[in-house]
Amino acid sequence: MYQKPTRPAQIGSVIDDAVRLYRASFRRCAPIALLGALVSAGLDLFVVAFAHNQGMPFNSLESSLLVYQQPPIIALGLLQSVILLALFGALLVTQNAVANAAQPVSFSDAIGVGFTRLGRFVVATVVYTVISVLGCLLIIPGIYIGNIWSVYPAAIFLDDSGGLNSLEISRRLTAGYWWHTATVLGVAVALVLIFAMTADFVAGLIELAGSPGGTAIQSAMQLIGDAADVVVLPMIPAALIALYNDLKLRQVVAR
């Protein structure tokens with residue numbers, strides 16, 4: 001049973017809170033995560049078929065990068081990214097309802113909110129990505145900026161904030177809690193990577209069992225990773241909500 005905290009907590013407790021929220025909301029998030037997995041699977045199958053039809057090898061890192069540089073793949077990749085951003089927002093909305101013990105948000109309503117606020121989410125994400133990447137050229141500024149702006153999606157989908165305003169809200173909330181924020185999100189990312197590596201390991205076993213260059217084997221390997229998305233996709237939103245609520249409580253206590 002999930003209960004929303006009423007006071008700031010230590011890092012370990014915030015992580016535990018994120019895990020509890022993930023578990024409590026998983027059944028409601030599963031259809032959204034499944035839709036995200038299907039979107040990714042559609043692109044992956046297209047990539048494998050495209051490489052096969054163009055006679056392009058797809059069995060090494062170098063050859064795979066060449067395939068992903070093709071214009072049709074780039075265009076579909078951008079479309080996939082936009083759709084996944086909307087679904088990310090839908091997951092936040094769904095989990096936030098669970099966190100607040102509110103009336104459950106239906107699948108269609110969650111998807112609707114995700115796409116309704118997609119424009120501002122895309123704007124904030126582009127600004128976040130560009131500034132963080134430019135900052136990464138100097139290493140430390142990029143890491144710093146990427147962290148202080150990291151909870152902006154929660155501001156958009158939990159508090160209906162504007163795109164650029166969500167970045168400012170994130171900056172205010174994380175002020176003085178840089179390491180707190182970085183550690184909580186770092187653990188969440190680590191868990192995602194563990195699941196991703198597990199999926200890659202299973203895909204590697206499939207590759208060993210068949211012809212690495214075969215279309216069927218390549219498709220199966222891609223689908224393994226996509227299937228893991230059903231479990232993985234709700235993880236980061238749960239961590240963001242737990243962290244966002246904790247930072248807001250800290251701001252209240254500090255007043």
- Go through segment 86-112 and count every residue that is surrounded by 19 or more Cβ atoms within 10 Å (Cβ to Cβ), part of a helix (DSSP H, G or I) and either touching a residue at least 40 places away in the same chain (Cβ under 8 Å) or not small (Gly, Ala, Ser) (or both). 14
- Message: Can you say whether Ser161 is part of a helix (DSSP H, G or I), under 25 Å from Val98 (Cβ atoms), small (Gly, Ala, Ser) and at pLDDT 95 or above, as far as the supplied structure shows?
- Response: no
- Message: Just checking, does segment 32-45 include any residue being free of Cβ contacts under 8 Å to residues at least 60 places away in the same chain, within 21 Å of Asn245 (Cβ to Cβ) and part of a helix (DSSP H, G or I)?
- Response: no
- Message: Kindly evaluate Leu65 against the criterion of being closer than 22 Å to Leu118 by Cα and either touching a strand residue (DSSP E or B) at 6+ places or on another chain (Cβ under 9 Å) or assigned to a helix (DSSP H, G or I) (or both).
- Response: no
- Item | Lone unmet requirement of (1) under 30 Å from Ala18 (Cβ atoms); (2) in a loop (DSSP other than H, G, I, E, B) for Val130 | (2)
- Message: Quick check on this structure: which one of Val122, Val113, Val133, Val105 is among the aliphatic types (A, V, I, L, M) and farther than 21 Å from Tyr244 by Cα?
- Response: Val133
- Query: Counting only residues that are loosely packed, with under 13 Cβ neighbours inside 10 Å and β-branched (Val, Ile, Thr), how many does segment 59-85 have?
  - Reply: 1
- Which residues, taken from segment 121-140, are closer than 18 Å to Leu78 by Cβ and either touching a residue at least 12 places away in the same chain (Cβ under 8 Å) or of a type in the set (Phe, Trp, Tyr) (or both)? Phe121, Val122, Val123, Ala124, Thr125, Val127, Tyr128
- Item | So Arg28, is it out of contact with any Leu (no Cβ under 8 Å at 6 or more places or on another chain), among the basic types (Lys, Arg), over 29 Å from Gln222 (Cβ atoms) and modelled with pLDDT of 90 or more | no
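The values are calculated or read from the model by the stated rules, or taken from the named source; none is laboratory data. Remember, predicted model here, so these are calculated numbers, not experimental data. As a convention, Cβ positions derive from the backbone with ideal geometry for all residues, glycine included, and neighbour counts pool all protein chains shown.
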